[in-house]
Each structure stands twice: as structure tokens, then as C-alpha cells.
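Okay, structure first, notes after.
The values are calculated or read from the model by the stated rules, or taken from the named source; none is laboratory data. Treat the numbers as computed from the prediction; the structure is a model and nothing was measured. Here Cβ is always computed from backbone atoms with ideal geometry, including for glycine, and neighbour counts include all displayed protein chains.
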Amino acid sequence: MTTFSHTHTCNDADLARLRTPRDDIVGERTVGDDSWVLGDGPFDHYRRDLDAEPSGADSWFVTETYNYSLAVPVWRRLFNPAIKRALRNRRESYGYWWAPPDRLDTRAATVLGLLCAVQIVDGYLGTVLTQTLTFAADEFHRDNTAQGFVLGGVRAGVLIALVTVTIADRRGRKSLLVAAGVGSCIFTFLGGLSTGLWMLGSTQLVARGMSTALGILIVIVAAEEMPARSRAWAASVLVLSAGLGSGMAVWILPVADLDIRGWRVIYLVAVLGILVIRSVGKRLPETSRFRRSEQHAIGSGVDIESVRARRRRRLTLLAFSAFLLAIFAAPASGFQNDFLKDERGFSAAQISLFTLATSTPAGLGVLAGGWLAETRGRRPTGAIGVVLGTAMAVLSYMSHGFGLWLFAFGGVVLGGMAVPALAVYGPELFGTHDRGRANGTIVTIGVAGSAIGLVIAGSLSDSMGGSIAPALSLLAIGPMIVAVMILTLYPETAATELEDINPEDN
């Protein structure tokens, strides 16, 4: 609970204004003379009391006392200074650069805070293999082709994700989210005990499948709980949280320099994620839209065939896009450490520094992309981000020295703009009864693209003396095609309620 007082001198007009309910960072409700409580806003508890004493003609000495608790679990300390400043400086309307376009209510703020905590764990789980595979391959004496097949093979775990999220359409989001998170942590831990590259790949197949399901469910829950003008913004915050989790794996990576088996530590640490998942599971509610869907079956007054045809068109569009994006993005990410170590001579510590220096600022692009997707539209934001991010990434693999760092930085930041704009299309374009299965299918097709891209890139790099750049230049055609599709075929969904996008949910 936070309590503070704000004192100032004002005239009669200013006092009258202070005595009206606020409608900026908080929506107030009057409960008595000079007392207001929470009407709407991201608070568990809120109260404002005003004490006004005359200090002369048309002059008052006013003390405003605030007593509140933010409904942002885990992140209260981070947001509290900004909230406190906003409360001190009253506005006529809502609008803050650091806050979502829509004012969140208690439930939405709580859910998003909890999801961000889970997303950190998911970001870590989804990063350990790509960060450590090159070092595991050294211990097990395997080459680039073997690495490519492992990175491609673990993608088969997406079938686990598809089954999990399909069940979530019938059983609920929350229970499957918790189960997928705990399961992924356990199998990642087992990967640290591997006796060979194929055992590592097998445990990661299961762990990555569950991690993928976890990521899908996180985005679905966020989309179903966030206001219409804040879904992409929420996606950007979740991406940043995943980036923080990924960064944690990078922070630990230098242990691989200490011993040829040091990479195993990164897998063993994953068991701590179980504590986070179980804690969140105790507080996370089932989504309100899923609860309503339990009482509403599609059929009454709805043309089922029309709904199915629309969903097939949307599924084909998004799945094909995911395939073309993944066929480039997977090898661009998966082979980065191998490229830095073998082609540019980086040590584990240097790789860690490079990754942190070039990837940490990605948050700027992601946040900008979330805002632009809400205020300027999903389509232009997504298309521009895809084109610029892909071009910069290819140039980074062709560069040395300062150019390598500059283009990698630009690729991550500019490419990050597209992430929140495109991430919300999956949950937005499908109804509640089919949201999990549709998104699982899209991810499955995307993973197929990842596997194909990884195998192509790994095989070509070995046949070309170990260089990865030529293969990535060829695979970059895929994202460029997607950029054209976004501008010409994608619908614009910004500021539109999910029930308006999917009328069968009404």
C-alpha cells in the first residue's frame, strides 16, 4: 500500500476542479464530501481525500492524500514512481507515453502483470537451446549439419503444443498454461543431464513443445483480457518480458567458457521456473471470454459454413505467412552463436556481450511497434518492420567489425517493430471456440518453416566452407513476400473488439 500527500495553494476555480472526480490515470467515484475511491483503473485499492483550508480571499491551502495499491503483481515497484507522478499531476483526460492506449481496469492489469512473469520463464525456456547448442556440439564432437538437424528436429515438439492448445479450447486456458509451463521446466532441467546430442535434442523436443504451447496460451489470454485498443501494446510488453527471460540465459552463458560442460548449468537453472509458474497459477483467473463461451455454443442465428470458410481463409493466410517468416528467422537466430564463434572468432563471453549489446535495445522497437500498431494500424507497422528487420539481419551476417554490431542492432530494433503488430493477429482473427487450435496450427506450420530453414541453412553452410550468409540471403525472400501480403491481404484490426472481428462470438 502506498500513501502520500500532495499540498498546494489554489483559488476557488482550482478547488472546484479538484473536487470533481478524476478521469485520467484513474477513474474516480465519489463516496462523500471530499473523498473519492476507485471507479476504474489499474488499482486493487484506491482512495483520495481532500482537506481544504481558506488562506485568504479566493485562496485555499489544499492537501490531497492518496492511498492506493497497484493491481500489477510482480511489477509494482517498477510502475509505482510513474503512477505516483501521474497522480500528483492531474490531467483532463487519459494519455501517457508509458501506459497502454486504453486505461486498464483492475482485472486486466493483474492478468497482464502475471502473464509478464510467466513470459520471462517462457523466454528463458525458448532460448537455452539456441544459446548452448554450439557448445554442446563441441562436447559431443558434432558438426553444423548435426546442429541443424537437432534444431530442426526439436521443432516436431510443436505437435505437443498443438494438442495442448486444442485442449485449452475445451478445458480452459489457465490449467493448460500452468501444466505446459511446469512440464517445460522439468524437461529443460533433464536436458542438462544429457549424455549425447540426440538425448539433448529429445528432451528439448518435449520442453520446446510445451514452451511453445505456453507462449501461445499467454498471448491468447492477453488478447482475451485486454481492451480493444491495447492488445498490440500488451503484446509488446509480453515480448519485452520474453526478451528479459532470453537475456537471463545469455547472462549465464559465460559459464560455458569455464568448462566444456559448463553449458549444462543453463539447463539446470530452468527448474526454478516451476516456482514462478505455480505462484502465478494460484492467482491467474480463467479468461472472461472463455467463461462466457462455456455458456454460448455457435449455432443460433449463425451461418456455420460461412464462419468456417472465413476461418479457413484466415488460417491459410496466417499459416503461410508464419512459414515464410520462420524459414528465415529460425536460422538467423539459431546459427548466430555458431557464426560468431566460428566465423568471427568470438568467445562465449564476447558472444554474451554482443547479444546483450545488440538485442537489449530491441525493446525500443517493440514498444514503438506496439504503440504504432494501435495508433497507425497493424498493417503498415508490420510490413515496414518485416522488410527493414530482414534486410538489416542479412547485412549483419555479411559484415565484420563495427558494421556487424551496427546491422545486428538495427535488425533487432527495426524487426522488433513488427512483432507486436503481427503477434495479435492469431488471437484476433479466430473465435473463442477455435482460438487455441487455430493458433496452434499456425505455429505448427511456422515450425515446419523453421525446421526446413534450419536444415537448408546448416547444409548450405557446410557445403560452402562454413559460411551462413549465402543461405540467409536466399531465405530472406520469404519475409519480403510476407510484407506484400500484410499490405494487400491482411485485415486491419486495431481498436476493434474481438466480437466484432468474430461475430459468431456475440
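So how many residues does region 206-221 have that are touching a Pro at 6+ places or on another chain (Cβ under 8 Å) and closer than 16 Å to Gly113 by Cβ?
The number of residues fulfilling the criteria is 1.
Looking at the structure I just gave you, is Arg289 closer than 30 Å to Ala99 by Cα, of a type outside the set (Ser, Thr, Tyr), modelled with pLDDT under 95 and in the same structural domain as Leu151 (by TED's automatic domain parsing)?
Yes; evaluated as a whole, the condition is true for this residue.
Conditions: (1) at pLDDT below 95; (2) out of contact with any Leu (no Cβ under 8 Å at 6 or more places or on another chain). Asp34 meets all but one. Number of the miss?
The single condition Asp34 does not satisfy is (2).
Among Ala368, Ala373, Ala349, which is the only one that is surrounded by fewer than 18 Cβ atoms within 10 Å (Cβ to Cβ), assigned by TED's automatic domain parsing to the domain that holds Met226, part of a helix (DSSP H, G or I) and at negative phi?
It is Ala349.
Check Val447, Val455 and return the single one that is crowded, with 22+ Cβ neighbours inside 10 Å and either small (Gly, Ala, Ser) or in a helix (DSSP H, G or I) (or both).
After ruling out the rest, the residue left standing is Val447.
Filter region 57-78 for residues that are out of contact with any Phe, Trp or Tyr (no Cβ under 8 Å at 6 or more places or on another chain) and either under 22 Å from Ser5 (Cα atoms) or modelled with pLDDT of 95 or more (or both) and give the result.
Ser59, Trp60, Phe61, Val62, Thr63, Glu64, Arg76, Arg77, Leu78 - these are the residues of region 57-78 that are out of contact with any Phe, Trp or Tyr (no Cβ under 8 Å at 6 or more places or on another chain) and either under 22 Å from Ser5 (Cα atoms) or modelled with pLDDT of 95 or more (or both).
If you scan region 487-505, which residues turn out to be assigned to a loop (DSSP other than H, G, I, E, B) and on the phi < 0 side of the Ramachandran plot?
If the condition is that a residue be assigned to a loop (DSSP other than H, G, I, E, B) and on the phi < 0 side of the Ramachandran plot, then Tyr490, Pro491, Glu492, Thr493, Ala494, Thr496, Glu497, Asn502 are the ones that fit.
Can you name the condition, by its number, that Thr432 falls short on among (1) surrounded by 24 or more Cβ atoms within 10 Å (Cβ to Cβ); (2) part of a helix (DSSP H, G or I); (3) not aromatic (Phe, Trp, Tyr)?
That leaves (2) as the condition not met.
Yes or no: region 8-21 includes at least one residue that is within 28 Å of Arg283 (Cα to Cα) and touching a Leu at 6+ places or on another chain (Cβ under 8 Å).
No, that holds for no residue.
Here's a check for you: in region 376-406, which residue that is over 17 Å from Met480 (Cβ atoms) and under 23 Å from the mean Cα position of the chain (by Cα) is surrounded by the fewest Cβ atoms within 10 Å (Cβ to Cβ)?
The residue in question is Arg376.
Out of Gly32, Gly39, report the one residue that is without any contact (Cβ under 8 Å) to a residue 40 or more places away in the chain and more than 30 Å from Val111 (Cβ to Cβ).
Only one candidate passes the filter, namely Gly32.
Can you tell me which residue is surrounded by the most Cβ atoms within 10 Å (Cβ to Cβ) among those in region 259-270 that are aliphatic (A, V, I, L, M) and over 16 Å from Gly126 (Cβ atoms)?
Here the answer is Val265.
Specify the residue that is nearest to Pro427 (Cα to Cα); the eligible residues are those in region 257-291 that are of a type in the set (A, V, I, L, M, F, W, C) and in contact with a Lys or Arg (Cβ under 9 Å, 6 or more places away or on another chain).
Checking each candidate, the answer is Phe290.
How about region 124-241: which helices (runs of 4 or more DSSP H) wholly inside it have at least 3 residues that are more than 18 Å from the chain's Cα centre (by Cα), surrounded by fewer than 22 Cβ atoms within 10 Å (Cβ to Cβ) and hydrophobic (A, V, I, L, M, F, W, C)?
Passing ranges, in order: 158-171, 173-191, 197-225.
For residues that are among the acidic types (Asp, Glu) and assigned to a strand (DSSP E or B), tally how many sit in region 33-85.
So the answer is 6.
When you scan region 442-481, how many residues do you find that are polar (S, T, N, Q) and closer than 21 Å to Ala418 by Cα?
Counting residues in region 442-481 that are polar (S, T, N, Q) and closer than 21 Å to Ala418 by Cα gives 3.
Hey, any hits in region 462-484 for a residue that's under 24 Å from the mean Cα position of the chain (by Cα), in a loop (DSSP other than H, G, I, E, B), touching a residue at least 60 places away in the same chain (Cβ under 8 Å) and closer than 23 Å to Leu214 by Cβ?
Checking region 462-484: not a single residue is under 24 Å from the mean Cα position of the chain (by Cα), in a loop (DSSP other than H, G, I, E, B), touching a residue at least 60 places away in the same chain (Cβ under 8 Å) and closer than 23 Å to Leu214 by Cβ.
Mind telling me which of the residues Ala349, Ala357 ends up being in contact with a helix residue (DSSP H, G or I) (Cβ under 6 Å, 6 or more places away or on another chain) and at pLDDT below 95?
Ala349
Restricting to region 1-29, name every residue that is assigned to a loop (DSSP other than H, G, I, E, B), surrounded by 12 or more Cβ atoms within 10 Å (Cβ to Cβ) and touching a residue at least 40 places away in the same chain (Cβ under 8 Å).
Correct list: Asn11, Arg22, Asp24, Ile25, Val26.
Within region 292-323, track down each residue that is at pLDDT 90 or above and surrounded by fewer than 23 Cβ atoms within 10 Å (Cβ to Cβ).
Result: Ala309, Arg310, Arg311, Arg312, Arg313, Arg314, Leu315, Thr316, Leu317, Ala319, Phe320, Phe323.
On the given criteria, is Ser399 assigned to a loop (DSSP other than H, G, I, E, B), polar (S, T, N, Q) and out of contact with any His (no Cβ under 8 Å at 6 or more places or on another chain)?
Yes, satisfied.
Taking the conditions exactly as written (touching a helix residue (DSSP H, G or I) at 6+ places or on another chain (Cβ under 7 Å), of a type in the set (A, V, I, L, M), part of a helix (DSSP H, G or I) and under 27 Å from Gly148 (Cα atoms)), does Leu325 satisfy them or not?
For Leu325, the condition - touching a helix residue (DSSP H, G or I) at 6+ places or on another chain (Cβ under 7 Å), of a type in the set (A, V, I, L, M), part of a helix (DSSP H, G or I) and under 27 Å from Gly148 (Cα atoms) - is met.
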